[in-house]
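To start, the structure itself, in structure tokens.
The values are calculated or read from the model by the stated rules, or taken from the named source; none is laboratory data. Everything numeric in this text was worked out from a predicted model, so none of it was measured. FYI the Cβ positions are ideal-geometry reconstructions off the backbone, even for glycines, and counts take in every protein chain you see. The area values use the complete protein model at the heavy-atom level, side chains included, leaving out ligands, DNA and RNA. Shrake-Rupley method; radii C 1.70, N 1.55, O 1.52, S 1.80 Å.
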Amino acid sequence: GGYSAAHSLSVHEVSADTGYVPDWCEAFGGVISYASLSPDGNSVIVATFLGELWWIDLETSAATELAKIPTDIPFVVTAMGHDGRLMAGATNDGEIFVCDPTQGRTTRLSSNRKRPILHLQFSRDSQRLLSASTDGSVAAWDTINGTFLGEYPGHENLPVGASFLPDGNRILSTTANSAFQIWEVSDRNVQWRGAPATYGNFGTVTMDVTASGNLAAWGSRPARRIVVWDLENQQKRFEIENPSVVLDLRFSPDGTLLAVAGRENVVRLYDTQTGAEVGVVTVGRPSDSEGRI
């Protein structure tokens, strides 16, 4: 995605290093702002700068509109539940829409603080949702009844991401200056805080956590480095020097691979045990400054 992307979205088969731009992308006119793939790889939730939220079946190209809001309020981030049933999209003014297309249900979550949301993440059971906003706060929501569960303030810098750890009792959040914290959900106290590396303000641009919750990875744009952290032992496992600036990264569902997008025409795959590069997925065009995976 991104404002200046040559194409809005492409889909790739990692094992075969093949990819394509879906035909339905043309219907959006190049205005896709964000997209999230389902765990089984069969569908995707697509957000647009025109205030639209869509669910696309990648096998049939069937499209279902989940939400439509005024075009001057764009959707800026999406998330997919771990079971692929629930999905969510957030807007530039702090609104969150939680959707269950199989039930034809869309729930609008609102708070009194109108600020852009940068990151969304479901809990493992999809019953809660985290949002990280530009004011440094992390908020939690109940996806069953749409209630606001509270905020986890304390970050003094722009949050990059937040994620429930698998036990559901803790939250990991990180900021652009590479600081991270693990919160206790029940009392909102900080259990542990640290920094995987020091790359200055806005040095860290992306974060992800394995499904098992034992590893976290941070990516630095200016330093072109990736830090993989052992959360169980609270220590750095290794650093990876990426050939280009790091724009986004994601662990594979089984946690054995880390996919990294930079400002080049490939997505690089790294072994999470050794940090060695084990493959590349050719995108076929240089990614823009907002390239994501």
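Descriptive notes on the structure:
- Residues being among the hydrophobic types (A, V, I, L, M, F, W, C), crowded, with 16+ Cβ neighbours inside 10 Å and in contact with a His (Cβ under 9 Å, 6 or more places away or on another chain) are represented in the range 78-100 by at least one member.
- Some residue of the range 130-141 being among the hydroxyl-bearing types (Ser, Thr, Tyr), in a loop (DSSP other than H, G, I, E, B) and on the phi > 0 side of the Ramachandran plot: no
- Selection count where residues are in contact with a Gly (Cβ under 7 Å, 6 or more places away or on another chain) and in a strand (DSSP E or B), scope the range 229-259: 6
- Residues located in the range 59-77, provided they are farther than 19 Å from Val11 by Cα and among the β-branched types (Val, Ile, Thr): Ile69, Thr71, Ile73, Val76
- Top-ranked residue of the range 253-286 - restricted to ones that are under 17 Å from the mean Cα position of the chain (by Cα), more than 14 Å from Val228 (Cα to Cα) and open to solvent by less than 50 Å² (accessible area, probe 1.4 Å), ranked as modelled with the lowest pLDDT: Gly262
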